[in-house]
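The values are calculated or read from the model by the stated rules, or taken from the named source; none is laboratory data. Remember, it's a predicted structure, so these values are computed and weren't measured experimentally. Quick reminder, even Gly has a Cβ in these numbers, built from the backbone with ideal geometry, and neighbours come from all protein chains shown. All accessible areas refer to the heavy atoms of the entire protein, side chains included, with ligands and DNA or RNA removed. Shrake-Rupley method; radii C 1.70, N 1.55, O 1.52, S 1.80 Å.
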Amino acid sequence: MLELVYTDRTDSHPRPAWAETTDRDLLLAVKGGSEAALNELIGRKTKPLLQLAGRILGDAEEARDVVQVTFFKVWENRLRFDDRFSPNTWIYRIASNLAIDHLRSRRSREKSAEPVRQHLRQVADGRAHRDLSRLQQGEVAAIFRELSADLSEKQRLVFLLREVEGLSSQEVAEIVGCRESTVRNHLFNARKLLRRELIKRYPEYAAGWSGLQEEAQ
């Protein structure tokens, strides 16, 4: 049975030849049955996939489980990899679908708003008019966890991939499985809802978000 192990880049062992290989060539090697190529891919992609799954699920342990399953799915479905698509697009699509499925199966999730409120008040002191794009990543994550409860699954995923992961609209469309115009529509609606909820809950912090509803990239 295939055993997936998270690669430690800090050990003293020499790195294999795969270390200098492109992601595309790695996936083609995986498609050909190379477990060594898969282990190199795991070493490269674990961290970004953990970040993505963690933002979708809001739970680090659940995110780790999803990433483990992602790499099993990559191996099981390796013959389906189409090199017309970028490796990131294919892998992100598997991971995001698994995370969304996991989210759907979860009956309830506990959320605590008060720590987020306290954090926002601290960072808002003297900076209430600061724009979202200039917020520190941790602040964005704290805001998003609380305010995104009413987003649809597609809106949440599109917002994360486009605004947090920084992927292009075309890449997001390929991952989500829709048109670029649909991506822009989901993004516009997500921004609009997030701004509305921010104004409702944190009016003192909302001024910098005034442009969010005006344009969908």
inquiry  = Could you check region 64-89 and list, in sequence order, the residues that are in a helix (DSSP H, G or I) and open to solvent by 40 Å² or more (accessible area, probe 1.4 Å)?
reply    = 64, 65, 68, 69, 72, 73, 76, 78, 79, 80, 88
request  = Could you give me the residue pairs with C-beta distances under 7 Å whose first residue belongs to region 160-173 and is within 17 Å of residue 100 (Cβ to Cβ), whose second residue is open to solvent by less than 40 Å² (accessible area, probe 1.4 Å) and not in a helix (DSSP H, G or I) wherever it lies, and which are 6+ apart or on separate chains?
outcome  = 161/167
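Taking the stated definitions as given, is residue 217 assigned to a loop (DSSP other than H, G, I, E, B), at pLDDT below 90, open to solvent by 40 Å² or more (accessible area, probe 1.4 Å) and closer than 22 Å to residue 92 by Cα?
Taking the combined requirement at face value, the residue satisfies it.
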key: So residue 141, is it surrounded by fewer than 19 Cβ atoms within 10 Å (Cβ to Cβ) and either in a helix (DSSP H, G or I) or at pLDDT 90 or above (or both)   = yes
query = With respect to residue 40, is the statement that it is buried (at least 19 other Cβ atoms within 10 Å of the Cβ) and either of a type in the set (Asp, Glu) or at positive phi (or both) true?
reply = yes
query = How many residues are in contact with a helix residue (DSSP H, G or I) (Cβ under 8 Å, 6 or more places away or on another chain), assigned to a helix (DSSP H, G or I) and buried (at least 18 other Cβ atoms within 10 Å of the Cβ) when one looks only at region 152-196?
reply = 27
